[in-house]
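Since the structure comes first, as structure tokens, the remarks are kept for the end.
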Amino acid sequence: MIDISELSRRSGFPASKLRYYEEIGLIRSSGRKGLKRLYEEEVTVRLALISLGQSAGFPLAEIRALIGAEGRPALDRAALAQKADALDDQIKQLTVLRDGIRHIMTCSAESHLDCPRFRRIMRVALKRRT
């Protein structure tokens, strides 16, 4: 058993976030030592899964469903594939944006508005908003 301070130190999550995760059912404390909450060692695995899910862009509600209630991940492979596809799309969009910005940095046109590529980038940006 580890107390909330130690769990915070090990995981890098502030104690306030750990209490919030407990409140919404992502983790569970096993008791108290005085005023401090105590956790099983396995909670660190759940926190690693939560961190991984957040890095992949999953909202907390989806993470809760994916990691399961009893500490055993119930990873929905279809949801993971869908998220991987969405990340691929985001990577493509960011790559295009990065390449466009690099072009704009080095464009020899007197004004960016005179550059056909810059104008194309602006049209694409506008289309994404609609």
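Since every read-out is calculated from the coordinates, none of them should be taken as a lab result. Keep in mind that what you see is a predicted model, and the values were worked out from it rather than measured. We place every Cβ from the backbone using ideal geometry, glycine too, and count neighbours over all the protein chains shown.
Summary table
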| read-out | value |
| --- | --- |
| Histogram of C-alpha separations across the chain, 10 Å bin width, % | 11, 30, 19, 16, 15, 8, 2 |
| Ordering of 9-15, 74-80 by packing [mean C-beta count within 10 Å, highest first] | 9-15, 74-80 |
| Farthest positive-ward along the chain dipole, Cα basis, beta-carbon charges - from Leu49, Leu126, Val96 | Leu126 |
| Environment charge of Ala109, counting only residues whose C-beta is closer than 15 Å and scoring Lys/Arg +1, Asp/Glu -1 | +2 |
| Dipole magnitude of the chain, debye to nearest 20 (Cβ charges: Lys/Arg +1, Asp/Glu -1, about Cα centre) | 380 |
| Relative contact order %, region 2-67, counting alpha carbon pairs below 8 Å whose residues are six or more apart | 30 |
| Ranked Thr44, Thr106, Thr95, criterion: other C-beta atoms within 10 Å, fewest first | Thr106, Thr95, Thr44 |
| Alpha-carbon centroids, region 84-130 and region 1-68: separation in whole Å | 40 |
| GNM top mover of Ala109, Ala81, Ala56 - the chain, alpha-carbon springs below 10 Å | Ala109 |
